[in-house]
Amino acid sequence: QLQASGGGLVQAGGSLRLSCAASGRAFSTYAVAWFRQVSGKEREFVSCIPWDGGSTSYSDPVKGRFTISRDNAKNTVYLQMNSLKPEDTATYYCAADRRYSAYGCNALPYDHWGQGTQVTVSS
């Protein structure tokens, strides 16, 4: 089970850190990703991190501003979001997948999902 938290209202240029906490001892074997969705639009990939914290991946709109990390001892994945823009406003979801892809964690289908956390960036 995944639990996302850390969303809120922030001014443009500000920062937020999202957390995705998981239950279960097998969490350290899962790749974890963050997606976001604006009402009426398709869900968008944001970032992912493989089980070992190795080759992370970011979408172009967030590259250089967001950083994903994980603490397997705490069963938690973080998304540090800096230099936030109004267009980052969305509901953010974390997801996990235990499979491996030679094409990277951004190629996984992600079959375990948490509830979302709302991020609102004001201009």
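The values are calculated or read from the model by the stated rules, or taken from the named source; none is laboratory data. As the structure is a computational prediction, the values presented were derived from the model and not from experiment. With ideal geometry, Cβ positions are generated from the backbone for all residues, glycine too; neighbour counts draw on all protein chains shown. Only protein heavy atoms, including side chains, enter the accessible area calculation; ligands, DNA and RNA are left aside. Shrake-Rupley method; radii C 1.70, N 1.55, O 1.52, S 1.80 Å.
General observations
- Rolling a 1.4 Å probe over the protein heavy atoms gives the chain an accessible area of 53 Å² per residue.
- Heavy atoms of Ser59 accessible to a 1.4 Å probe, total area in Å² rounded to 10: 20 Å²
- Alpha carbon convex hull of the chain, volume per residue in cubic angstrom: 93 Å³
- Extension gain for Arg99 to Val38 (0.36 nm times residue separation, less C-alpha to C-alpha distance): 19.2 nm.
- Placing Lys63, Lys41, Lys85 in order of accessible area, with the largest value first and a 1.4 Å probe, yields Lys41, Lys63, Lys85.
- The order of Asp71, Asp88 by accessible area, most exposed first and with a 1.4 Å probe, is Asp71, Asp88.
- Protein-only accessible surface at a 1.4 angstrom probe places the residues Val77, Val10 in the order Val10, Val77, largest first.
- Cys with no candidate disulfide partner in the chain (beta-carbon separation under 4.7 Å rule): none
- From phi via Karplus (6.51, -1.76, 1.60), per-residue ³J(HN,Hα) for region 24-41 in Hz, x at Gly/Pro: x, 6, 8, 4, 5, 9, 9, 6, 10, 10, 10, 10, 9, 8, 9, 3, x, 10
- With every protein chain in place, the chain: carbon and sulfur % of accessible area (1.4 Å): 47 percent
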